[in-house]
Structures are given as C-alpha cells and as structure tokens.
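In what follows, a single structure is set out as structure tokens and then discussed.
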Amino acid sequence: MADDGADSPSPSGSQTAAILLMLLGEEEAATVLSRLEPDEVQHLGGAMFGVANVSETEIDSVFDVFVDRARARTTLGFAADRQIKGMMHKALGAEKADKVLQRITPVKHVSVLEGLKWMDARTIANLIENEHPQIAALVLAFLDPAVAAEVLALLPEDVQADLVYRVATLGPVTETALLELEELLSRPTTTSASASTTRRGGATDAAKIVNNSRKAAETRIIKALQKLDKTLARTIEEEMFIFDNLMSVDDKNLGTLLRAIDSDTMVVALKGADERLRQKIFSCMSSRAAQSIQDEIADRGPMRLADVQEAQKSMLSIARKLAAEGTINLGGKSDDYV
C-alpha cells in the first residue's frame with residue numbers, strides 16, 4: 001500500500017478486516033479468529049501480512065466503513081434466547097412455555113461438527129473407527145467429499161461399503177445421535193463455532209465420496225453395495241457419472257461409445273445436452289453422421305424432459321458397461337504406476 005493515501009484506492013473487504021484485526025489486541029483478535037471458518041482464517045491471515053505499511057488515511061477510511069456498518073446493525077438478536085423465554089413464561093406460565101420452547105428452539109448440537117473442519121483425515125478416522133456405523137456415516141456425510149474419501153480409505157475395508165450405504169440412506173438426524181456425536185467430538189477438541197442444522201447424506205453425497213476414492217477402492221465398494229442394495233448401488237453409480245461428464249472423455253473413447261449408441265437414442269439425449277458437449281460429440285462423428293443427427297434434432301421439435309433424461313441414462317448405462325468390460329476408459333483416476 002502506498003504511504004500517501006490521497007490517491008490510493010480504498011482497501012478491499014479482506015484488507016479492511018485485516019486492518020481492524022491488526023488494530024485490536026492479541027486476545028480480542030484471537031477471539032474474532034476463533035469464530036471464523038478455516039479457509040477464512042487462512043485468507044485473512046494472508047491479508048494481514050499485506051497491510052503492514054498501511055497509511056493513516058487508509059486507517060481512517062477503514063474506521064468509516066466499520067462505523068457505518070455498525071450503525072446499520074441492530075441489537076435485536078442479542079440475548080434473544082433469554083428474551084423469548086421470558087416472554088413465553090410470562091404469557092403461558094413456566095410449564096406450558098417450556099413445552100412450547102422444547103418444540104420450537106433450534107437444535108444447536110450439530111455446531112460441534114464444525115470442529116471436524118480443523119482435523120486431518122487420520123485424526124477423524126481414529127475418532128470414528130470404533131464408533132457406531134451410523135455415527136461414522138454422519139461424520140462422513142458432513143465432510144468435504146475429498147476429505148471423506150480420504151477418511152474412508154483409512155478405515156477397515158470390510159466396513160467401507162456399509163458406511164457408503166449408510167451415507168446414501170441417511171435420514172433425519174435424531175437428537176440422541178447429535179448428543180452422542182457431540183460427546184464423541186468433544187473428546188479431542190472443542191469449538192465455539194456455530195452452524196445451522198442442515199440435512200446431510202443421500203445418494204449424491206455417497207457418490208461424491210466414492211468418486212473421490214481410488215479406482216480400486218471405488219470398484220470394490222460398488223460391488224459390495226450391489227450385494228447390499230442393487231437399486232441404491234445403481235443410483236449411486238448414476239450420480240457418480242452424469243451426462244455432462246462425457247466432456248472429460250477423450251475423443252477416441254467417446255467415438256467408441258458413440259458407435260455403440262443407436263441414432264434415435266442419441267437424438268433424444270442430445271436434445272437437452274449442453275451446447276459444448278454437443279459440439280464435442282459431433283466432432284467425434286463423421287460430418288455426414290453429425291449433420292444427420294443435427295437435422296433430426298431440429299425436425300423433432302420440443303421433447304419431454306423425462307424422455308431426454310431417459311435417453312441420457314441409456315447412453316450412460318452403455319458407457320459404464322463398456323468401461324467395465326475394458327472397451328473404453330471414461331477418464332479420471334487410476335491406481336496404476338510405472
């Protein structure tokens with residue numbers, strides 16, 4: 001930053017926050033940092049190194065921004081729990097009020113899950129390895145898919161498929177489970193971060209975790225899932241490789257796949273495809289075949305979304321079959337080394 005603040009641009013949001021933190025004492029600044037997300041701490045920490053030579057003019061502008069925003073805030077949310085409880089008690093009496101509050105007060109136990117973001121995969125794996133599988137599945141569902149896959153790989157192979165199955169079928173989390181999870185996660189670490197309750201799990205989350213696993217583990221988990229629940233295994237496979245993923249398949253393998261698809265299915269499937277994907281597919285066909293498909297798409301006019309999705313699923317099913325047979329490579333990870 002320039003020493004002369006007259007012509008220098010106003011600090012960015014990150015720089016403004018960094019300057020304010022640098023003006024606080026260590027304890028106050030630490031309290032603020034403890035309430036931020038891991039990536040926010042890293043981002044703000046980097047910004048603090050960049051504002052060491054800030055000018056008086058820039059500090060004044062930061063204070064102006066802070067005061068203006070502080071004035072725009074209200075104190076309505078401060079001590080809201082106590083205020084609401086007091087009103088309810090006066091209106092309904094303590095007994096009735098407590099029953100109502102028990103039903104409407106937001107569950108806060110899930111906030112302890114925020115502590116997982118600061119743990120490495122090995123620590124999380126050690127934490128959940130001997131816990132009930134449903135608790136372990138809830139933890140995996142909360143994690144970023146790449147981290148969850150790393151944790152899954154560190155757990156015994158004979159439980160991996162079952163955990164993915166539980167993630168995929170995870171329903172609403174009970175209060176008992178949250179209390180148990182809170183007790184578990186409070187053992188190695190504590191956190192004051194807050195978070196709203198969110199629904200976790202489902203085939204999509206399970207698919208993301210398997211997608212981030214190594215190829216050998218992915219194959220083994222899918223086979224085990226097929227024994228547990230064929231329908232769910234198929235759903236997870238469908239979530240793992242969607243139609244838009246064909247963009248990542250190289251021209252040679254895509255050409256092989258297209259030769260296995262009948263023209264009618266391709267016409268319907270491409271009707272709802274992204275234009276970039278269409279052009280990639282057309283480039284893997286002869287100019288005559290590509291023009292024929294394009295003409296057929298134009299001649300058919302509007303098509304039902306359900307028909308388009310069914311045709312795309314059909315193409316993906318053939319793609320997965322060819323990949324399983326080793327005829328094509330859908331790209332991505334590999335466990336092979338040279």
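All of the numbers you see were taken from the coordinates with simple rules; none came from a lab. Predicted model, so just to flag it, every value in this text is computed and none were measured. Cβ placement follows ideal geometry from the backbone for every residue including glycine, while neighbour counts extend to all protein chains displayed.
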Could you tell me which of the pairs Lys85/Lys117; Lys223/Lys271; Lys280/Lys313 are separated by over 23 angstrom between their Cα atoms in the structure shown? Lys85/Lys117; Lys223/Lys271
Ignoring solvent entirely, what values of log10 I(q)/I(0) come out of the Debye formula for the stretch 13-72 at 0.15, 0.18, 0.26, 0.28 Å⁻¹ when each Cα is a single scatterer? -0.44, -0.64, -1.19, -1.26
Along the Cα→Cβ direction, 7 angstrom out, place labels at Glu296 and Val100. What is the inter-label distance in nm? 6.5 nm
Order of Val54, Val67 from fewest to most other C-beta atoms within 10 Å? Val67, Val54
What is the Cα radius of gyration of the stretch 216-274 over 2.2 N^0.38 Å, N being its residue count? 1.38
Only counting other Cβ atoms within 10 Å, I'd like Lys223, Lys208 sorted with the fewest neighbours first. Lys223, Lys208
Evaluate the Kirkwood expression for the hydrodynamic radius of the stretch 243-325, namely the inverse of the mean inverse distance over all pairs of different C-alpha atoms, and round to one decimal in Å. 12.8 Å
Once you place label points 7 Å from the Cα toward the Cβ at Arg220 and Glu28, how far apart are they in nm? 5.5 nm
Treat the count of other C-beta atoms within 10 Å as a stand-in for reagent exposure and order Val32, Val164 from fewest to most. Val32, Val164
